[in-house]
Amino acid sequence: MLIKAKTCVVHLTTVAGSMQASARLARFLADTIGVALVDDADSMFNFIRSTPCPAYGERDLTLIFVNGPIAFCGYRDEMGSEMLPRTQRVYWVSQDYTITMPPNQAYSRPTKAETPFRAEFHKIPHVHLWSTCQDVLQRRQQKRVPGYELDEYVNWNALTYAPMPATPAIGGPIYPHLLYYGALRAGRTARLGQFFGGVSDRVSISASNLNKNTAAQWRELAPQARITEPLKGVATYTPTNGNKWGAQRLTQTIAMHRHSLYVADEESNTAFHSLANRFYEVLSTPYTVLWLDAAGARTYEQAGLRDWEQFTVGDGHGLSVQLSLPAKNLRSLAAQQRKLWLATDPFKILRDRVKQLARSL
């Protein structure tokens, strides 16, 4: 109990009311492990006051940091001056290879830090990584980066899985075409153009950021596609009901389409990362068929997907063929996908994994 009293989950921005995946993950971790959640200055000071006072200069705190951009943290200076000097160990939770943890003395030279946060983070004796990016963990192991012994691969994206009832407010897909949604990242642009150039009249695209520039890019890639506003709402985790489905706009909108397409970044096709949130969001619906970009073969194999080959498409022509399948065939394919890939609840696997990690803190 004393260890838990000196352990907390840290999120860099306020969790309440946030739709960020990292905020959902922070709530889940704090609840599953049974420790405090720190997400602003008040909660940080409350946590510090609740912990037994250490001897002068002693480091006694364990922080489970949920990955995020430090620049947006409204209490980073207070954290740097009050909590990090007491921190003995950090577990950095990462589900995004584009954001990395700050420099630390264990693996970098002294930093000319411009903030108390970065200066104090650099002094923390033990820093470990719990990540969805397996190749990053392997590189740390190969280089024998101090702390790698307690690194762990964890599929954090499975938190997004929240199965939707087979008979919700809508009875099944009502749009015969494909819904694609997600960020227009540079690593996907060329591949998306290959898919949507010839079938864009049967594609709806929900841009994650529909500003003037991205709208123009999407219209160039898929000139006849229906471009819509970003989808809002995600599978919501709460301590009382876990990941049970609610009236979430995102899941409902996916379920109204017969098809969706999974296109990973080029980085994910060459270095193994957990399957993205989009994979679990689509499979949370009962009837939508998820087609897989054939370029991601290495990822599907390493993720342990059974018989994934029959659901891959290589280009716009291949996708067009699948979009022409009769509705009754699609219902059967959707059921087959879920039987193959969801034999065990991904959310339950993740929760059990976190409980296992908690016992080693």
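Around Gln88, with a cut-off of 13 angstrom between Cβ atoms, what is the net charge of the other residues, counting Lys and Arg +1 and Asp and Glu -1? Intermediate values should be presented prior to the final figure.
Details: positive: Lys6, Arg59, Arg86, Arg89, Lys123; negative: Glu58, Asp60, Glu120.
It works out to a net charge of +2.
Mind giving me the nanometre distance, one decimal, between the label points for Ser81 and Glu220, set 7 Å out from Cα along Cα→Cβ?
It works out to 4.8 nm between the two label points.
Which ³J(HN,Hα) values, rounded to whole Hz and listed in residue order, are derived for segment 126-133 from phi using the Karplus coefficients 6.51, -1.76 and 1.60 in 6.51 cos²θ - 1.76 cosθ + 1.60 with θ = phi - 60°, glycine and proline given as x?
Computed from phi, the couplings for segment 126-133 are 10, 10, 10, 10, 10, 9, 7, 9 Hz.
Which is the longest run of the chain containing none of the GluC sites (Glu not before Pro) found in DSSP loop states (not H, G, I, E, B) with at most 12 other C-beta atoms within 10 Å?
115-361
Assuming R0 = 25 Å, can you tell me the calculated FRET efficiency for the pair Asn46 and Thr98, based on Cβ-Cβ distance, to the nearest 0.05? Don't skip to the answer; put the middle values down first.
Working: r = 32 Å, r/R0 = 1.28.
Computed FRET efficiency for Asn46 and Thr98: 0.20.
From the phi angles alone, apply the Karplus equation (6.51, -1.76, 1.60; θ = phi - 60°) to segment 280-291 and give each ³J(HN,Hα) in whole Hz, x where the residue is Gly or Pro.
Each residue of segment 280-291 in turn: 6, 5, 5, 6, 6, 8, x, 10, 6, 8, 9, 8 Hz.
State, as an integer percentage, the relative contact order of the chain based on alpha-carbon contacts under 8 Å between residues 6 or more apart.
After rounding, I find 15 percent.
Quick one: dipole size for the chain, taken about the Cα centre, charges +1 on Lys/Arg Cβ and -1 on Asp/Glu Cβ, in debye to the nearest 20.
420 debye
If one computes the Cα centroid of segment 1-58 and of segment 293-361, what distance in Å separates the two points?
Using only Cα atoms, the two centres lie 34 Å from each other.
For segment 52-153, which trypsin sites (Lys or Arg not before Pro) are in a loop by DSSP, counting at most 11 other Cβ atoms within 10 Å?
In loop regions of segment 52-153 (DSSP not H, G, I, E or B), the sparsely surrounded trypsin sites (Lys or Arg not before Pro) are Lys112, Lys143, Arg144.
Please list the non-local residues whose amide H lies under 5 Å from the amide H of Ala207, H modeled 1.01 Å from N, same-chain partners needing a gap of 5 or more.
Thr228
Hey, got a sec? Which chymotrypsin sites (Phe, Trp or Tyr not before Pro) in segment 286-337 land in a DSSP loop and have at most 14 other Cβ atoms within 10 Å? Show your work: numbers first, answer last.
Values: sites: Tyr287, Trp291, Tyr300, Trp308, Phe311; in loops: Tyr287.
Listed in order of number, the matching sites amount to none.
What percent antiparallel are the DSSP beta bridges of the chain, to the nearest 5? Kindly include the intermediate steps, with their values, before the conclusion.
On the way: 2 of 40 bridges.
Once the DSSP bridges in the chain are tallied, antiparallel ones form about 5 percent.
Among Thr98, Leu319, Phe45, which residue has its Cα positioned farthest towards the positive end of the charge dipole of the chain, with +1 placed on the Cβ of Lys and Arg, -1 on the Cβ of Asp and Glu, and the dipole taken about the Cα centre?
Leu319
In what sequence do Leu129, Leu305 fall when counting other Cβ within 10 Å, fewest first?
By the 10 Å Cβ count, ascending: Leu305, Leu129.
Taking the Cβ of Val15 as the center, what net charge do the other residues with Cβ under 14 Å away carry, scoring Lys and Arg +1 and Asp and Glu -1?
-2
Once you place label points 7 Å from the Cα toward the Cβ at Ser18 and Arg59, how far apart are they in nm?
It is 2.4 nm.
Bear in mind these aren't lab numbers, they're just calculated from the coordinates by the rules spelled out. Every value quoted in this text rests on a predicted model; they were computed, and no experiment measured them. Cβ: placed from backbone, ideal geometry, glycine included. Neighbour counts: every protein chain shown.
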